[in-house]
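Dropping the structure in here first, questions after.
Read-outs throughout are calculated quantities, based only on the coordinates presented, and are distinct from any laboratory measurement. Remember, it's a predicted structure, so these values are computed and weren't measured experimentally. Note that we place each Cβ from the backbone using ideal geometry, even for glycine, and neighbour counts take in every protein chain shown.
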Amino acid sequence: MRLEDCPARAAVDVIGGKWKPVILYHLLTAKRRFGELRRLLPDATQKMLTQQLRELERDGIIARQVFPEVPPRVEYSMTPYGKTLRPVMRELCKWGQSQLTRSS
């Protein structure tokens, strides 16, 4: 199998990265403003968070809505396509929880 044909690689290309799974975890439960995401991911720099959000938006996983207010309000939410990740994220979180209990 060629590397380009590997389904695991295709998935990681979209949801891989240090912050994308954590962003998705939080967006699967509710719409979030940028400031909320910053507070939920305090170790992520603003630049990195912005980059990861743009990539998820580009790939059709999340939607960005800008409200015409001063100052502008921006909300991020899951797209219908992005919501198809719900069972994947649920299983990933279950596995992650077992890792947390295993290492403590």
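Enumerate the amide H contacts of residue 73 below 5 Å, restricted to partners 5 or more residues apart or on another chain; note that Pro and chain-start residues carry no placed amide H.
So residue 73 has HN proximity to 67.
While we're here: For residue 47, go through the lysines and keep the ones whose alpha-carbon is under 29 Å away, minus same-chain ones fewer than eight residues off.
The qualifying lysines are 18, 20, 31, 83.
With each label point set 7 Å from Cα along the Cα-Cβ vector, what nm distance links residue 10 and residue 47?
3.4 nm
On to the next question. Just flag the GluC sites (Glu not before Pro) in region 27-104 sitting in loop per DSSP whose Cβ has no more than 10 other Cβ atoms within 10 Å.
69
Then there's this: Label points 7 Å out from Cα along the Cβ direction at residue 25 and residue 77: separation in nm?
2.3 nm
Students often get this wrong: which residues of region 1-20 have the backbone nitrogen under 18 Å from the point 7 angstrom along Cα-to-C-beta of residue 92?
From region 1-20, the list is 6-20.
Using θ = phi - 60° and the Karplus relation 6.51 cos²θ - 1.76 cosθ + 1.60, list the HN-Hα couplings for region 97-102 in order, rounded to whole Hz, with x at every Gly or Pro.
Taking θ as phi minus 60°, the curve returns 4, 5, 5, 4, 6, 5 Hz for region 97-102.
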